[in-house]
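Worksheet: one structure, shown below.
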Amino acid sequence: MYQVEASKALLKPKLWARRSARLNVPRNVVMLGMVSMLTDVSSEMVATILPLYLVFSLGASPLALGAIDGTYRGAAALVQVISGFAADRWRRPKQVAEAGYGISAVGKVALVAAGNTIGGIGAIVAFDRIGKGIRTAPRDALISLSSSKAGLATAFGVHRAMDSAGAMLGPLIAFGILLAAPARFDAVFVVSTFFAVLGLAVLVLAVQGRPKRAPRVDDGTPPPSLRAALGLARDRRVAVLLLAAAVLSLTSVSDAMLYVGLQRKIDFEPAVFPLLYVITAVAFMGLAIPVGQLADRVGRVPVLLCGYALLFVVYGALLMSSLGYGLLVLCLLGLGGYFAATEGVFAAIAGAILPEELQASGLGMLTTVTSIGNLVSSVAFGALWLALGLRGAVLVFAVALALAIAAAVPLLLRSQRAPVHG
Amino acid sequence: MASRNGKILAGIVVLCVLGAGAYIAYAALGPSSTTTDARPEAKAVLAGSDVMVRAVDPKNPQLNGRVYEVEDGEVHHDGDLACERVYYAAGHGICMAIAPSGVDYEAKIFGPKMETEHTIRLTGLPSRARVSRDGRYGAMTVFVAGDSYLGNSTAFSTRTYVVDMASGHTAGQLEQFKVTKDGQPFDAIDFNFWGITFDPADSDRFYATLGTGGHHYLVEGSISGQEMKVLRDGVECPSLSPDGKQVAYKSRIGDETRWRLRVLDLATLEDHAVAEERSIDDQVEWLDDDTLAYSDEKNVYTVPADGSGEPELLVADASSPVRLSAASARSLQ
């Protein structure tokens, strides 16, 4: 492939130049990744120590918080569609995203000021959820509009990698603070607030609100109507994509459930449990960018389908009669790969076919369909486990996922066809 | 324009880093304990039995969780253990605590002189601790944060272990026991177990709570048999009376995380509320066959088990009450 160079000194910088040229990610995407990373550090710092704080400082049961969280998760899914449309309608995705990140930052300040009652903490958790719901669709639209269509999967890969890096760093920073200042939860809340403010500042000051693919505001076309946004679902290419997202997410079991299944299977020490998340998250973080690049090069649909095939393999591992630690680690790496090949790649596929003026609405619909699908599949998996046992539930889901992948192939290929003009 | 924004951003970064650093330094170096030597204060004298408690003073890390013995209205300091949950019976105690790292949890199995005999690493927040009357088995429940990575960060599950107190080894984990309901095998992904109470007459037998699908079942189990069966719904954190005839428990109000304390007679299945009207989230301790002790995470109270009377403040600034029989109390000296 390459001409053999006489000198290695010549070869090295060239290769490096090739690599960095290949990872041609717009500055705006890196900045948005930075915003997500800082915000995730902030949220995960609090999420990690909240149970500790609740039990030891407030004398409350952590179960109280779980109940609150579940209630607002559904609400957040609906907020996504509305905020996506608002971003398109006002043609201000950046400002809508700022509102979402701002709400979460205000929540952190409130935690410092009024975090000493259970009701107060519940309200702040709800706040954080709603802020997350508001910001997701406009932020994904900004990532999409900042990238060339050819580099969309790489761009989303970079963003998701930075995002999960923040989720890994947050707990470490929180533990570091508590190590330096035992039982000083207020210090964790204060530092978390600074991270949230920093994230918001990067968004406000360093992110371009009208990136290159953003629709022109001054050309006299009216802003997209609600009818136009709803009409997206009738656009053949978008409709088949949403349908594919629905069938695939309905047959995907959440990672949390898979971990419980793996634990029942292997009977490993519960002390190992948190490590499962870490291994999966590290794999996700490490693979998100290369898999995104691969998707841009060889095609997003095949990479996405490979991702779901990896999930199918993990289901298969759960059906085996015995499972060792080696296979467990392989399963977790497979799960990380599945996240890397599906999370950002799905958004990239959507970003490439959605009209520029309806990016946020369409991406909001996609995440809503996916999150409702995941919610339903989790409930269904739990019910099947109760009725048929773990093995039966996994078997049903494995068959369903295989059928979903088979159904998704023609759907996704149709979504890739050129739109009919005229 | 861009460079002006860059300068403002740089300024904000510097301010945030300085602010966060300064606050951590202030928290780490500042006075970490209050000067007042607030410690549990006995408010009532109990005839016949003494109690062990842990001090509640969250603002004072030096004092919070320290173990005290209350004897005839006198409060004695008991060793150097600091615990989030403590229990003790027949010369064997469990102290569930924050590990020295400050970010991890461990359980110390201690002997009659409060000396640590075994240390067990815990995988979550201390929730419940019990020791069988003969000191053979201990039981511990911890809260495990479900999945703090990749979403769902505040979902919780529990794990409940049985420990052989002499060796410090795990004798069982309830999540791995077989469960039956109406004679049929029973299993679901959301199974959570908590709050073991041992049969006073046979430490191999125990009662506990099984939470699944919005139900909170009272289960009865055997450690040697590694099995449990579902008895009835709506019973959390059971606690058997010393004569083994009654179970005090938390009864959930609707779907909320609020509870009333109730007492169930195992023979007649008669069931009644006690006079405490506040929501209490604790595994009740029986001081004798007629009296319950519990904490609201601030103070320890007593209330008659038969539903009569009024709650009475027993020890202020304390939680995790443990009845010390005359024999246990003596052996602690």
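At a glance:
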read-out: Leading residue by the ranking (farthest from B:Met140 (Cα to Cα)) among those in region B:281-300 that are buried (at least 23 other Cβ atoms within 10 Å of the Cβ) and within 14 Å of another protein chain (Cβ to nearest Cβ); value: B:Val300
read-out: Among (1) in the same structural domain as A:Leu330 (by TED's automatic domain parsing); (2) more than 24 Å from A:Thr368 (Cβ to Cβ); (3) over 21 Å from the mean Cα position of the chain (by Cα), the one test that A:Ala187 misses; value: (1)
read-out: Lone unmet requirement of (1) in a helix (DSSP H, G or I); (2) of a type outside the set (Asp, Glu); (3) in contact (Cβ under 8 Å) with a residue 60 or more places away in the chain for A:Val396; value: (3)
read-out: Candidate set from region A:271-284 (those that are crowded, with 21+ Cβ neighbours inside 10 Å and at the interface with chain B (Cβ under 10 Å from one of its Cβ atoms)); member that is modelled with the highest pLDDT; value: A:Phe284
read-out: Some residue of region A:86-97 being under 19 Å from A:Val41 (Cβ atoms) and outside any helix (DSSP H, G or I); value: no
read-out: Residue in region A:229-242 that is more than 20 Å from A:Ile349 (Cβ to Cβ), aliphatic (A, V, I, L, M) and outside any helix (DSSP H, G or I) present; value: no
read-out: Sole residue being surrounded by 20 or more Cβ atoms within 10 Å (Cβ to Cβ) and at pLDDT 95 or above, chosen from A:Val202, A:Val253, A:Val238; value: A:Val202
read-out: Failed condition for A:Val409, given (1) in contact (Cβ under 8 Å) with a residue 24 or more places away in the chain; (2) among the β-branched types (Val, Ile, Thr); (3) surrounded by 16 or more Cβ atoms within 10 Å (Cβ to Cβ); value: (3)
read-out: Count of region A:18-70 residues which are at pLDDT below 90, part of a helix (DSSP H, G or I) and of a type in the set (A, V, I, L, M, F, W, C); value: 15
read-out: Test: residue in region B:43-64 that is assigned to a loop (DSSP other than H, G, I, E, B), under 30 Å from B:Asp290 (Cβ atoms), of a type in the set (Val, Ile, Thr) and at pLDDT below 85; value: yes
read-out: Members of region A:196-212 that are more than 8 Å from chain B (Cβ to nearest Cβ) and part of a helix (DSSP H, G or I); value: A:Ala196, A:Gly199, A:Leu200, A:Leu203, A:Val204
read-out: Test: residue in region B:14-31 that is of a type outside the set (Ser, Thr, Tyr) and either within 25 Å of the chain's Cα centre (by Cα) or at pLDDT below 80 (or both); value: yes
read-out: Residue satisfying condition, being in the same structural domain as A:Ala167 (by TED's automatic domain parsing), under 30 Å from A:Gly107 (Cα atoms) and out of contact with any Phe, Trp or Tyr (no Cβ under 7 Å at 6 or more places or on another chain), within set A:Ala256, A:Ala201; value: A:Ala201
read-out: Among (1) within 25 Å of A:Lys265 (Cβ to Cβ); (2) within 22 Å of the chain's Cα centre (by Cα), the one test that A:Gln359 misses; value: (1)
read-out: Cβ-Cβ under 8 Å pairs, at least 6 apart or on other chains, region B:256-270 side small (Gly, Ala, Ser), far side not in a strand (DSSP E or B); value: B:Ala267/B:Lys245
read-out: Filter result for the condition that a residue is part of a helix (DSSP H, G or I), more than 19 Å from A:Ala155 (Cβ to Cβ) and touching a residue at least 40 places away in the same chain (Cβ under 8 Å), over A:Leu323, A:Leu305, A:Leu310, A:Leu330; value: A:Leu305
read-out: Candidates A:Ala150, A:Ala155, filtered to the one that is assigned to a helix (DSSP H, G or I), surrounded by fewer than 24 Cβ atoms within 10 Å (Cβ to Cβ), away from every other protein chain (no Cβ under 14 Å) and aliphatic (A, V, I, L, M); value: A:Ala150
read-out: Boolean, A:Leu243 is in contact (Cβ under 8 Å) with a residue 40 or more places away in the chain, over 18 Å from the mean Cα position of the chain (by Cα) and assigned by TED's automatic domain parsing to the domain that holds A:Leu384; value: yes
read-out: Restricting region B:182-206 to residues that are of a type in the set (D, E, K, R) and more than 11 Å from every other protein chain (Cβ to nearest Cβ), the residue that is farthest from B:Tyr88 (Cα to Cα); value: B:Asp182
read-out: Residue in region A:103-114 that is within 30 Å of A:Leu287 (Cβ to Cβ), in the same structural domain as A:Val197 (by TED's automatic domain parsing) and among the β-branched types (Val, Ile, Thr) present; value: no
read-out: Among the candidates A:Ala295, A:Ala340, A:Ala309, A:Ala387, residue that is surrounded by 20 or more Cβ atoms within 10 Å (Cβ to Cβ), more than 30 Å from A:Arg89 (Cα to Cα) and out of contact with any Leu (no Cβ under 6 Å at 6 or more places or on another chain); value: A:Ala295
read-out: Cβ-Cβ under 6 Å pairs, at least 6 apart or on other chains, region A:160-182 side assigned by TED's automatic domain parsing to the domain that holds A:Thr342, far side among the hydroxyl-bearing types (Ser, Thr, Tyr); value: none
read-out: Residues (at pLDDT 90 or above and charged (D, E, K, R)) located in region B:297-316; value: B:Asp306, B:Glu310, B:Glu312
read-out: Scope region A:171-185; condition out of contact with any Pro (no Cβ under 7 Å at 6 or more places or on another chain) and either at the interface with chain B (Cβ under 7 Å from one of its Cβ atoms) or modelled with pLDDT of 90 or more (or both); matching residues; value: A:Pro171, A:Ile173, A:Phe175, A:Ile177, A:Leu178, A:Leu179, A:Ala180, A:Ala181, A:Arg184
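The values are calculated or read from the model by the stated rules, or taken from the named source; none is laboratory data. All figures in this text were calculated on a predicted structure; none of them were measured in a lab. Cβ coordinates were reconstructed from backbone atoms using ideal geometry, including for glycine residues, and neighbour counts include every protein chain displayed.
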